[in-house]
Structures are given as structure tokens and as C-alpha cells.
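Presented below is the structure to which this report refers.
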Amino acid sequence: MFARAGLTGALLLSVSTAPLMAGKADDTFTWTTANEIGSADIYFANLRETLIVTYAMCDSLIYRDPLTDAYEPLLATSWEWTDATTMDVTLREGVTFHDGTAFGPEDVAYTLNFVADPANESQTQQLTGWIDTVEVTGPNSVRIHAKSPTPAALEYMTGTMPIFPEGHYDNAPEVPGADGTQRRDNGAVTPVCTGPYEMTTFEPGEGLTLEKNEGYFADSPKGTPQIGTIIFRTIKDPETQIAELVTGGVDWIWGVPTENVDMLAAMDGVEVVAAPTLRMSFLELDAAGRSGEDAPTTDVRVRQAIAHAIDREAIVENLVGDGSRVLPSICAPAQFGCETDVKQYDYDPEKARALLAEAGYEDGLSLPFWSYRDRQYAEAILNYLREVGITADLNFVQWGALRPALAGGEVELGNLTWGSNGVLDVSASTSYYFDGGEMDYARDADVTRWLEETNVETDPEARKALYSRALNRIADEAYKVPLFLYARTYGFNDAFDYPITDDELAHFYLGSWK
Amino acid sequence: MAFYILKRLGVMLAVLTVTSILAFLLLHLSGDPAATMAGDGASPEDVRVIRDAYGFDRPLPVQYLDWVGGLFQGDFGRSYYLRTDVAELLPERLAVTATLGVAALAFALVLSITLGVAAALRPNTIIDRFALWLAVAGQAMPSFLVAIGLMYVFGVWLRVLPISGGDTWQHFILPVVALGYYATPSIMRLTRSGMMEALQSDHVRTARAYGLSPWRVVIRHALRHAIAPIVSIAAVEMGFMLGGSIIVESVFSLKGIGYLAWESIQRADIQVIQAILLVIAAAYAVLTLAADLLNAALDPRIRVS
């Protein structure tokens, strides 16, 4: 790895010619990541790249301005909760889908009823499962019935919930199901939307092309698209991505390796920016004794000792790099309800040792340690734990192996991460781990109850108060050890102008050439 | 000869059966495929939907027999991730890898046989030393390093060849050299030693004594004698290139079968991985069989033994 990085740096620094500006010259913007897009339908593809494409080609009912986080009308012009579970929505008129058909309330009812039904196998149940039914109430209005009060509904209804034409999934290919019968593969249908860009080619695993929608409605909060063509290509190798960027083959990459940042930033024609994301890294601790009643982590002093043992500042500064931040609480600070004024555990190895001794582990203790992502961070944590007398054996496994272990209550100590699916509400982060279910290692009935109340409380201030109470308890008891927020380092053609936002979504439809 | 072929076919079938069982078991015992498919941002409900849809909660023997039963009907399953039938997906990816592999093998054979023959004809000269140096360098350098070096010299510095993708034949030049170079040392060494042995053999001495031209002696008599082990190792190298082109395909972003295998493993696209493993095992088996048959045709002693 070091050899590769060194070679990359040495050779790129020796490039004297400025990168080609082919992108601006032919009004074609090309971006690349290491992921292949298998489905362009966000309801059936749990992938950030798909979400980025969805924002560019599709509209949802409501738009969250990525710069101000304010909710603005998009396909809905207004919305109102008429009671705790009923929302009346008025729709925009004069909008057409990319295939020329007119947008109307039947399309909204069809799309949302379809994806909310688990039988249709949408893989975003977390975002759509709150919807009971949607009914057409007029020529330009619908009524959404929620299963229960859903304060985060507006957040769910933004870019992660695009609207397709009525009957969109009718021609989904039939494939053999698990029980031998035929089932429909709804994720194989190419999306048809109303957004600022239209998909003109899509080759699963290869890439896709978006062309500017000349007929996009004028007063959209997404603005009028500027770039003519947007192309997505998969390039797996980071060095190849960098080489393509500096030679003008692509205009945008992300996840620039830390060791290449300075070198890339020094090059003409390339801009490098690091920004935080919503993905948090934290330690999971078995406070409930699910892995065994005598698990050391059931003692709050052991959990607090672990929190004091780790120098989070040093990890952020030396390992994770620019754009990342120490995480003060077990939620992303940008999320609604994320209380960050909670008990902090400063790096204090002496205190950690004292707490361990107090808990009866003056000679140290041994714990199995699970991790699945970014081994170098896990190893740094192991070293810090070793310094205070905690020997942790690293089980570094794939997510497919760790998840069943987590669900089965086998994990005493683990380094987990969570990205909240881009949702700016604590219900997408904290609640997931304290709901009393298979992922809950605290099993604190009070915390579970308070968080459940936030899910049905519609008064924002009351919700914040409940979140604050829950997050304070979580911090006091050190149920989890929040570590840091991940960062993304973007490298792009400096002739391209667009806002880099904290939601880790590249809003290319807002882009233009300088 | 017929018995020999039948025996080899029987071994091939046994290898494929064992491979299919191993591939199936390894993939299903390495973690919860539904959890991997759903990703680490998925809710328990999302994971359950996938598990139900793909029947991962059924007993393993049932799942295996279901898969094998489909294979006999030409149904390789459907890619969960790419939303296409595996039977449709594989040919286009195989074509890319086969093009890359055949061209890389041709490049390796031309380079290594030329150098090997030259080194054998002029032992301990500068040609011999150059060939040995090239072999050592080829063995010492991992293919990704060769790939990146080529990329930066010809793509970034000189800007004469494309860096990534597979749209034109020019896109294949750098991957072919990177992959082929990796196979060169073993073939070159074998050619050199085989030729040196052949050049000192009785029949070559006899051919020389008959007054045949030096080139005819080298090509017709010595090289033919030395070629049998090269055919065998070339078949193995070709199999290796089919299965082991992952790194080169990844670096140059060539959408071949190696690249697909790598991506599919990461996202637990089980139907695709199983099919690829089977296809690669079959390719290995067929290539080995072809090499054995070719050798048997070239050397009757093999048939008898």
C-alpha cells in the first residue's frame, strides 16, 4: 500500500502539464466511485451512489435544501398534519415525467402505496414503513395515513422517496422466487421521474448517463440544471481514479486516500475538499450482559474506563484526517435532536486504570473485540485499550458475519459504524440501537421508552427534550463510546462549481461550470 | 486414446462436482448473505425482506439442490445486485477476460519463447543475462505494481494510451502487457532449460549431422522437443489469467469476470460468485484437458502411460 501510494505521489508530482478540461469543453461532467450501481431505483438499492443519482433525476414531494436543511415544496406545494397520523398534501400542477406523461395525485398514491407494502420487497422499509395508505383526495391532492404519529415523516419524504408514474412497476421482470414460484424483480425497472436530469443510458455494473431535462419546471427549489450531461463510471482502484482525475478523464472523485491529499491538492486544475459526513464510528459495549451475565462490560466502571482509555482526538488527527471530528454523543450533530452537551470522557489512561481497579480488574482483563470496517482504526483502539490493561483479541470479519453475531447477543465489545441513510433526524441513528430489539445492548427500559415517545411526539421542542434525556442517560452510563464522524475527501476539476454538503450527497444538479 | 479421453472427462466432472459443493458451502457458511446484501445501514426488517425473497432460511441441501437443478436447465440464477440473469451476464464479462487472457498469453508466449530460445542458444551472454534479469524482475514485481507503472508512464506521462475502461482495443494494451508480463518468467525459464536440454540431445545432434539448416534444427527439432512442458504450463497460466486477472482488471477498470468476482464477493451476490467459480473451474479443467490431449498427440508415450 505504501509502495503504491509512494509511486502514485512520485509520478503525479512529476506531471507538469495541466489537466485536460475536456469536461467543461464538451459540457460533460464525469464522476466516478469504486461502487457499481446495480439498480438505479433507490427503493431497491441501498447505495449512496444511487441516492446521488436519484436526487439528480427524481423529485420527491418535499425537498430539503442541503445548505440550510430547510424543507421546501417540490412536487408538493403544501402539506399539513390534520391529526397525528394524517397528512394532507397539495401537489404541484403542470409537471411532467421524463416520458412525457403528466404528473398527478394518482402517481403519488401509486408509488407510496407500492413501496410501503413489504410484499413488494422495497429495501427501504426504514424510510417507507411508516406509511399505512395514501389516497387521492382531489385533482391535485393526496392524503397520507401514517401507521402511527411520525414526526420524522418530512425528513423521510425528501430525496429518499421519489415519485414514479402510476403503473411504473407493472412490467417488472418475473424471476424465480425462493419457494419456486415466480416473483417480480421490481428493482430491475429503470426509474422514470420528473427531476432536473433524465437517465438516457443505464448499464448495471457499468455506469449511467444523465442528460439535462430541458422541460424541468421553472420554480423548482433544485433550480435549473446547468451541466448538459452527467456520466457515472465505476473505477475500482483509487490510484486509477486519481490518474484519471489529473489527466482529465473524470471530473470528480471521492474518498481520496489521506496519503494522496496533499499531493493532489498541489496540482493545477484540481480542487481537494474534506467534509464531514453523517457516518459515525463508535464502540458497542454489552451493558445488558447479553453475551453472558458475568461480562465485564456490564459494570459501568469498565465501560467508563474504556471510554477514558481512548484518545479520540489523536485518532481523528492522525488517522482519519481532515474533515473528521470527534463525536461528542451517539448521534451525528447535524441530526435533529442530537444533544451534544452530554458527559464527556476525556483521554485519561490513569483514570481508566483506576476505574478498572475499582471494578476488580487491577490486573487487567481480556475481551474479544469485533470490527468489520477500517482495520487501522480498530487496531489503534486495541493499542489504547492495551495501555490500560485491556487485552482485546481482534475478530475482524465481514459485515455478513458480524451482523448475526450482533443480533444474537454475542458481541461484548465491538467497533461499529452507522450512516443513518442520510436522514437528518436522531430517529435514524440513536433509536436504532436502543429499541429493545436485536441490536440493543443496553436494554435500558427508560431509554427505550423515551426514544419511542420521540417517534410519536409531534412537538419539536418536546422531542428535543426527550432526546436530550435519552442521550444524557446513554452518556452517563457509557452504554456506547462515541468515537468520531467519518470524513469524505473530494477531489474535483476546479472548473466545476457545486456545494459540498455534510450529508455526503453530491448534489450535482446544483453544479455549473465556472 | 478414446479410453484416455473418457478417463480425463470423468476426472473433470468429479472436479466440477466437488468445486460446486465447496463453492456453495464456503459462500453460505461465511456469514449471513442477507445481512451482507442489505448493507450495514439496513434495518432488521430490510434484512428479513431479503432473506425471505431469496430463501436463505431454507436448509442448505435444499438450496444447493435448487441451484444445481437450475444449472442443468441452463439457469445460473439471477444477480441480486445487478438485476440481470447470470447466464446473460457471464458471456459479456467472460469475453472481456478471455480477450485479455488470450492476448496476454500470446504476448507472454512470444516474449518468453523468443527470449528463452535466444538465451539457450547463447548461454552466459548478455542476451541470457537480460532474459534472466527480466524473469527475476517479473517474478519479484506484483502485477499491480507493473500495472500502475505502465499506467503512469504511458497514460499520465506520455499520454499515448487510455488508463481505464475497455471501449477500444487501445484500452487493452496496458492490461495485456501487465498480465502477460506476470506469466513470462515461468515460461521463459522452462523454454530456456528445455531448449538447452534438447540442443544437447542425440536427435538434435543427428539432425545437425544431416546438415540441416541451424534454424530448422532449432525450430523443427529442438523446440518441438521442448514445447510439451510449455504447452502444459501455458494452459495453467491461461487458467490463472482467467481467475487471477482480478487485480489487473481492477486497476484498469476493465469489466471482466475477475472484476465481477471481486465486486460480487464484496456484496455477497451469491448466484454470481457461484457461477463464476464454476465457470473458472470448468475453464481450468477444459484447458488442462486440452493441454493433456495436445501433449498426448505430440508425445505418444503419454497415451501409453
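The values are calculated or read from the model by the stated rules, or taken from the named source; none is laboratory data. In this text, all values refer to a predicted model and were calculated from it rather than measured experimentally. Here the Cβ is made from the backbone with ideal geometry for all residues, glycine too, and neighbour counts use every protein chain on show. Accessible surface areas use protein heavy atoms only, side chains included; no ligands, DNA or RNA. Shrake-Rupley method; radii C 1.70, N 1.55, O 1.52, S 1.80 Å.
Some observations on this one:
- A Cβ distance below 8 Å, combined with a sequence gap of six or more or placement on separate chains, defines the contacts here; from the range A:416-445, residues that are under 16 Å from A:Leu283 (Cβ atoms) reach residues that are β-branched (Val, Ile, Thr) and assigned to a helix (DSSP H, G or I) in the pairs A:Thr430/A:Ile474; A:Phe434/A:Val447; A:Phe434/A:Thr448; A:Phe434/A:Ile474; A:Asp440/A:Thr448; A:Ala442/A:Ile474.
- Members of the range A:481-497 that are under 20 Å from the mean Cα position of the chain (by Cα) and open to solvent by 10 Å² or more (accessible area, probe 1.4 Å): A:Pro482, A:Tyr486, A:Ala487, A:Arg488, A:Thr489
- Evaluating B:Ala119 against the criteria (1) more than 23 Å from B:Val248 (Cβ to Cβ); (2) within 14 Å of another protein chain (Cβ to nearest Cβ); (3) small (Gly, Ala, Ser) leaves one unmet condition, (2).
- When restricted to residues that are touching a residue at least 60 places away in the same chain (Cβ under 8 Å), farther than 22 Å from A:Tyr433 by Cα and outside any loop (DSSP other than H, G, I, E, B), the range A:115-142 contains 2.
- B:Ile219 passes every criterion in (1) at pLDDT 85 or above; (2) exposed (fewer than 15 other Cβ atoms within 10 Å of the Cβ) apart from (1).
- Members of the range B:52-86 found to be open to solvent by less than 30 Å² (accessible area, probe 1.4 Å), more than 9 Å from chain A (Cβ to nearest Cβ) and in contact with a strand residue (DSSP E or B) (Cβ under 8 Å, 6 or more places away or on another chain), listed by number: B:Val86
- Top-ranked residue of the range A:221-242 - restricted to ones that are assigned to a loop (DSSP other than H, G, I, E, B) and at the interface with chain B (Cβ under 10 Å from one of its Cβ atoms), ranked as farthest from A:Ala40 (Cα to Cα): A:Asp237
- When residues in the range A:454-464 are screened for being surrounded by 16 or more Cβ atoms within 10 Å (Cβ to Cβ) and either more than 23 Å from the chain's Cα centre (by Cα) or aliphatic (A, V, I, L, M) (or both), 1 of them pass.
Quick grid of which residues meet (1) within 26 Å of A:Glu93 (Cβ to Cβ); (2) touching a Phe, Trp or Tyr at 6+ places or on another chain (Cβ under 9 Å):
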position	(1), (2)
A:Val142	yes, no
A:Pro149	no, yes
A:Tyr156	yes, yes
A:Glu174	no, no
A:Arg184	no, yes
A:Thr194	yes, yes
A:Thr201	no, no
A:Leu210	yes, yes
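- Members of the range B:39-51 found to be open to solvent by 50 Å² or more (accessible area, probe 1.4 Å) and closer than 16 Å to B:Gln271 by Cα, listed by number: B:Arg51
- Some residue of the range B:202-212 being within 30 Å of A:Thr33 (Cα to Cα) and either of a type in the set (S, T, N, Q) or touching a Lys or Arg at 6+ places or on another chain (Cβ under 6 Å) (or both): no
- The residue of the range A:185-243 that is surrounded by the fewest Cβ atoms within 10 Å (Cβ to Cβ), among those that are hydrophobic (A, V, I, L, M, F, W, C) and closer than 24 Å to A:Tyr71 by Cα, is A:Ala218.
- Long-range neighbours under 8 Å by Cβ, at least six apart or interchain, first residue under 16 Å from B:Val272 (Cα atoms) within the range B:89-112, second open to solvent by 10 Å² or more (accessible area, probe 1.4 Å) and not charged (D, E, K, R): B:Leu90/B:Phe76; B:Leu90/B:Val279; B:Leu94/B:Val279; B:Thr97/B:Leu242
- Residue count for the range A:23-68, restricted to those that are closer than 26 Å to B:Ile50 by Cα, touching a residue at least 24 places away in the same chain (Cβ under 8 Å) and in a loop (DSSP other than H, G, I, E, B): 11
- Residues in the range A:388-427 that are touching a Ser or Thr at 6+ places or on another chain (Cβ under 9 Å), closer than 30 Å to A:Glu358 by Cβ and small (Gly, Ala, Ser): A:Ala392, A:Gly409, A:Gly414.
- Of the residues making up the range B:17-52, those that are more than 30 Å from B:Ala283 (Cα to Cα) and not in a helix (DSSP H, G or I) are B:Gly39, B:Asp40, B:Gly41, B:Ala42, B:Ser43.
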